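One structure below.
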Amino acid sequence: MIAGIIFGGVVPYIPQYKQIKDTDSADGFSTYVCLALLLANILRILFWFGRQFETPLLLQSIVMNLAMILMIELCVRVNHKNLLIPSKNRFFIGICHSLIILNFRV
């Protein structure tokens, strides 16, 4: 029962993750939904520190955030791979309020 509460929100995203990975296309999947769920679950976690509620709901928020981060990472990776005009890969490092761009090749 408790496992259903914790992992129940993530289960529908497993087939979507598999489909996006297999087809190398994130068409039809909105990353704005991931953004909304990330924000909602972050707010729920922050609310827990002020007024604690049941632990399974806190764990559900943590698991959902991890799942949404994985979905966003996959979508970004797939969309980057499918660019019509490939761009240089860049690695950004912020040091002492300055931005250093290091080019590298994969």
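Any idea which of (1) within 15 Å of the chain's Cα centre (by Cα); (2) of a type outside the set (Ser, Thr, Tyr); (3) closer than 16 Å to MET64 by Cα is the one TRP48 doesn't satisfy?
(1)
Going residue by residue through the stretch 16-23, is there one that turns out to be loosely packed, with under 14 Cβ neighbours inside 10 Å and in contact (Cβ under 8 Å) with a residue 40 or more places away in the chain?
There is at least one residue in the stretch 16-23 that is loosely packed, with under 14 Cβ neighbours inside 10 Å and in contact (Cβ under 8 Å) with a residue 40 or more places away in the chain.
Considering the stretch 23-44 alone, what residues qualify as being part of a helix (DSSP H, G or I), of a type in the set (Ser, Thr, Tyr) and under 15 Å from the mean Cα position of the chain (by Cα)?
THR31, TYR32
Kindly indicate whether any position in the stretch 29-42 is hydroxyl-bearing (Ser, Thr, Tyr), free of Cβ contacts under 8 Å to residues at least 40 places away in the same chain and surrounded by 13 or more Cβ atoms within 10 Å (Cβ to Cβ).
no
In a helix (DSSP H, G or I), under 23 Å from LEU83 (Cβ atoms) and touching a Ser or Thr at 6+ places or on another chain (Cβ under 8 Å): which single residue out of ILE20, ILE72 fits that description?
One residue alone meets the criteria, ILE72.
For ILE42, only one of the following conditions fails: (1) modelled with pLDDT of 90 or more; (2) touching a helix residue (DSSP H, G or I) at 6+ places or on another chain (Cβ under 6 Å). What is its number?
(2)
The values are calculated or read from the model by the stated rules, or taken from the named source; none is laboratory data. Note that the coordinates shown come from a computational prediction; the quantities given were computed from them, not determined experimentally. We place every Cβ from the backbone using ideal geometry, glycine too, and count neighbours over all the protein chains shown.
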